[in-house]
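Asks: Following this message is one structure expressed as structure tokens.
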There are 2 protein chains.
Amino acid sequence: MDTQVLSEKVVAQDRRALARAITLVESSRADHRETAAALIEDIRRKSPHQALRIGLSGTPGVGKSTFIESFGTFLTEQGLRVAVLAVDPSSARSGGSILGDKTRMERLSRNPNAFIRPSPSQSHLGGVARRTREAVALCEGAGFDVILIETVGVGQSETVVAEMSDLFILLLAPAGGDELQGVKRGIMEMADIILVNKADGDLKATATRTCADYSGALRLLRKRPQDPEGFPKAMTVSALEEDGLAKAWEEMQALTTWRREAGHFAGRRAAQARFWFEEEVKQALLAQLQAPSARAAMDQLGQEVAQGATSPTAAAQQMLDTLTKG
Amino acid sequence: MDTQVLSEKVVAQDRRALARAITLVESSRADHRETAAALIEDIRRKSPHQALRIGLSGTPGVGKSTFIESFGTFLTEQGLRVAVLAVDPSSARSGGSILGDKTRMERLSRNPNAFIRPSPSQSHLGGVARRTREAVALCEGAGFDVILIETVGVGQSETVVAEMSDLFILLLAPAGGDELQGVKRGIMEMADIILVNKADGDLKATATRTCADYSGALRLLRKRPQDPEGFPKAMTVSALEEDGLAKAWEEMQALTTWRREAGHFAGRRAAQARFWFEEEVKQALLAQLQAPSARAAMDQLGQEVAQGATSPTAAAQQMLDTLTKG
């Protein structure tokens, strides 16, 4: 399909065109990359629509799928169109994540106002990040109001998701005792809202206590300029009983409104765009090493270096000469 | 001076030639880089000498300078020639580290069998790493028997030092209570030997207790294939009273001998050489962005991206076109 036609269909909210466009940006073929760049640029020009991008991190066991299913459905009931994307560099290995996601979010996946797309099958976080970021741009162009970008938090993936989100939500499970759940300080500092899920049945009291612990921990963090009074904050929700979702959405909107008015919303997007531009240039420079001929040369020189036949410095210069000539 | 002449003088253990050669590898000028690569390669061919490279990490306050002064002097008394290098990406900012190091290690700096060279003045860890690694190669070619590579452990600098060392030593101070000194697990896992310094005077009992704590902690780590029975281990030393240094050296030698015989010594060097070769290729590719014209273009495009005038993807492609043409 012609890029112009495809971009028009995406902007006209054609779901199959959107899926096709995302498949295009996920491809690593050089000609596809070029078409994808043209497509994104074209859609950006055609649609000034801006979605709310919500990053959502939660390790397995906190009920993330159930939360996305409930919260996503709740949003569509408010008349909003919701897209769900994922950053999960491990999905290539575990496999079957498409089926997994769609099975776990059965109700949402059949909802005409929702669009679920699993993480691209790439083992490299840099590749997953770029493709997800471009899929965000496409979903935005396709008129979605809320884009949920989820991650299980493997390695640096929370940082990657936070760097492409307007809000960053940390989903946690109730924990016994007064001990924080080994959440890294850096992750806590990225969170705008912490949601303690499973505040239902036997776990309700534990969830309330866990929430209080995190509220206390959040108060100890240094105040950030992008936060109004009372943020970041911790709240309880029950995805299972669909309890607390409206309140959580209210807080997300309040925070977003405040940030828009204070200029932090636009400022964060500008800084993120710049960050991804620089990141993409660096990744592209390093991608030269992934071409088959470059890999063969790296391997050959790497063996010579390992055997002591040449020094790392000399071999590196030789490799750079090869790349410049090639 | 001609490269051939310089390399001959370095191999002939001329200290001034060695200092000059290190200054050359520390330069970032393109023509100096080329000469440096040729020099290193030439020295490598002329001198098959292999030193024992000992990485040493210790935060300010653990008595690292005193330890290097005492241990370095002890080694020279065994008839060994000792070089001291440093990886400290912060030295560019703090300044005056040459004077600092030499003042703090007055005795060693006047010792004809010792050579002390402070960290190169680079704020970028990648640059410090490459230059230090090349200085190690030069010192090795200049016939030093032991090369101590020290770091204060800022950011990733311990990893960098471990990646260029045959042995990695962690120097700690006695700590009150039974609490481990917030040493990151990753750093503990890199250590071959932990030395608890200041085992003298009032602190002797505390040092012994701290050493026992770390011995216990080390036993909990997973056994590594490169370790014989009993390693990694924790020991007490007193750099001030020069106590425990002979025992520490004995253990380092025992470990080294075992690793040489088991093939781990050569294996580690081969893996390290390969790692640095790949690292250097990557750094060189990214260094293209540091040229004045590239920086200007990055800045201009970065502003356009931040203002939303173009997408990160399109701007990145434009930047890559600029680099290819330039």
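Asks: Find the percent of Cα-Cα distances in chain A that exceed 33 Å, and round it to a whole number.
Replies: On the way: 17007 of 52975 pairs.
In whole percent, the long-distance tail amounts to 32.
Asks: Quick check for me: using +1 on Lys/Arg Cβ and -1 on Asp/Glu Cβ, what's the dipole size of chain B about its Cα centre, in debye to the nearest 20? Display every interim value, and only then the final one.
Replies: Values: 40 positive and 41 negative charges, 63 e Å.
Its charge dipole is roughly 300 debye.
Asks: If you don't mind, another one. Between copies, how close do the B:Gln253 label points come, placed 7 Å along Cα→Cβ, listed in nm from shortest?
Replies: Between copies, matching label points for B:Gln253 lie 7.7 nm apart.
Asks: Hey, got the Cα dimensions of the protein assembly as shown along the principal axes, in Å, largest first?
Replies: 82, 61, 45
Asks: Give me the count of lysine pairs in chain A whose alpha carbons sit under 14 angstrom apart, restricted to pairs 8 or more positions apart or on different chains.
Replies: 5
Asks: Follow-up. Quick one: which residues, 5+ away or cross-chain, put their amide H under 5 Å from the amide H of B:His49? H built at 1.01 Å from N.
Replies: Those qualifying (amide H under 5 Å, at least 5 residues apart or on another chain) number zero.
Asks: Hand me the trypsin sites (Lys or Arg not before Pro) from region B:187-255 located in a DSSP loop with no more than 15 other Cβ atoms within 10 Å, in residue order please. Mind dumping the intermediate values first?
Replies: Values: sites: B:Lys198, B:Lys204, B:Arg209, B:Arg219, B:Arg222, B:Lys223, B:Lys233, B:Lys247; in loops: B:Lys198, B:Arg222, B:Lys223.
Answer in residue order: B:Arg222, B:Lys223.
Asks: What Kirkwood radius, in Å to one decimal, follows from the Cα pairs of region A:219-326? Please report the intermediate quantities before stating the final value.
Replies: Working: mean 1/r = 0.0523 Å⁻¹.
Computed over region A:219-326, the radius equals 19.1 Å.
Asks: I've got another one for you. Counting other Cβ atoms within 10 Å, keep those with at most 13, restrict to DSSP loop, and tell me which GluC sites (Glu not before Pro) in region B:200-274 are left. Mind showing how you got there, number by number?
Replies: Working: sites: B:Glu229, B:Glu241, B:Glu242, B:Glu250, B:Glu251, B:Glu261; in loops: B:Glu229, B:Glu241, B:Glu242.
Those that pass, being in a loop and sparsely packed, are B:Glu229.
Asks: If you don't mind, there's one more thing I want to ask. Between copies, how far apart are the B:Ser293 label points? List them in nm, one decimal, shortest first, with each point 7 Å from Cα toward Cβ, please?
Replies: Result, one decimal in nm: 2.4.
Asks: Taking each residue of B:314-323 in turn, how many C-beta atoms of other protein chains fall within 10 Å of its C-beta, and what is the average?
Replies: Working: counts 7, 9, 11, 8, 3, 6, 5, 0, 1, 3.
Shielding by partners across B:314-323 averages 5.
Asks: Tell me, what ³J(HN,Hα) does each residue in region A:129-139 have, in order and in whole Hz, if you take phi through Karplus 6.51 cos²θ - 1.76 cosθ + 1.60 with θ = phi - 60° and put x for Gly and Pro?
Replies: For region A:129-139, the Karplus-derived couplings read 4, 4, 5, 5, 4, 5, 5, 4, 4, 5, 5 Hz, x marking Gly and Pro.
Asks: Taking the Kirkwood radius as the inverse of the mean 1/r across Cα pairs, report the Rg/Rh of region B:155-230. Kindly include the intermediate steps, with their values, before the conclusion.
Replies: Values: Rg = 13.0 Å, Rh = 13.3 Å.
When Rh is taken as the Kirkwood radius, the ratio is 0.98.
Asks: Please list, in chain and number order, the residues 5+ apart from A:Thr236 or on another chain whose amide H is under 5 Å from its amide H, with Hs placed from the backbone.
Replies: A:Val196
Asks: Please list, in chain and number order, the residues 5+ apart from A:Glu150 or on another chain whose amide H is under 5 Å from its amide H, with Hs placed from the backbone.
Replies: Distant-sequence amide H within range of A:Glu150: A:Leu56, A:Leu85, A:Ala86, A:Val87.
Asks: For q values of 0.15, 0.16 Å⁻¹, compute log₁₀ I(q)/I(0) with the Debye formula on a Cα-only model of region A:106-236, without solvent.
Replies: Results for region A:106-236 at q = 0.15, 0.16 Å⁻¹ read -0.87, -0.96.
Asks: Ok, one more. For region A:1-47, what mean projected area does the convex hull of the alpha carbons give, in nm²? Walk me through the numbers before you get to the answer.
Replies: Working: hull surface 11.1 nm².
Result: a mean projected hull area of 2.8 nm².
Asks: Right, here's the next one. Rounded, prolate or oblate: pick one for region B:253-311, where a ≥ b ≥ c are the square roots of the eigenvalues of its C-alpha gyration tensor, a/c under 1.5 means rounded, and failing that, prolate if a/b is larger than b/c, else oblate. Don't jump to the answer; show the numbers that get you there.
Replies: Working: a/c = 5.77, a/b = 4.24, b/c = 1.36.
Because a/c hits 1.5 or more and a/b exceeds b/c, region B:253-311 counts as prolate.
Asks: Another one. Over chain A, what is the percentage of antiparallel beta bridges among all DSSP beta bridges, to the nearest 5?
Replies: Values: 1 of 27 bridges.
Among the beta bridges of chain A, antiparallel pairing accounts for roughly 5 percent.
Asks: Could you name the residue in chain A with the C-beta closest to the rotation axis that superposes chain A on chain B, along with the separation in whole Å?
Replies: A:Leu285, 2
Asks: Let me ask you something else. With θ set to phi - 60° and the Karplus curve 6.51 cos²θ - 1.76 cosθ + 1.60, what are the ³J(HN,Hα) couplings of region A:195-200 in order, to the nearest whole Hz, using x for Gly and Pro?
Replies: 10, 8, 7, 6, 7, 8
Asks: Which residue, chosen from B:Leu75, A:Gln290, B:Pro174, occupies the Cα position most advanced towards the positive end of the dipole of the protein assembly as shown, where the dipole is computed from +1 (Lys, Arg) and -1 (Asp, Glu) charges on Cβ about the Cα centre?
Replies: Of the options given, the answer is A:Gln290.
Asks: Note down the magnitude of the dipole of the protein assembly as shown about its Cα centre, charges +1 on Lys and Arg C-beta and -1 on Asp and Glu C-beta and zero elsewhere, to the nearest 20 debye. Don't jump to the answer; show the numbers that get you there.
Replies: Values: 80 positive and 82 negative charges, 120 e Å.
In total the dipole reaches around 580 debye.
Asks: Give a residue-ordered list of calculated ³J(HN,Hα) values for region B:223-235 (Karplus: 6.51 cos²θ - 1.76 cosθ + 1.60, θ = phi - 60°; whole Hz; x for Gly, Pro).
Replies: Each residue of region B:223-235 in turn: 5, 9, x, 7, 10, x, 3, x, 10, x, 10, 10, 9 Hz.
None of the figures in this text is laboratory data; all of them are computed from the coordinates on show. In this text, all values refer to a predicted model and were calculated from it rather than measured experimentally. Please note: Cβ atoms are built from the backbone with ideal geometry, for glycine as well, and neighbour counts cover all protein chains shown.
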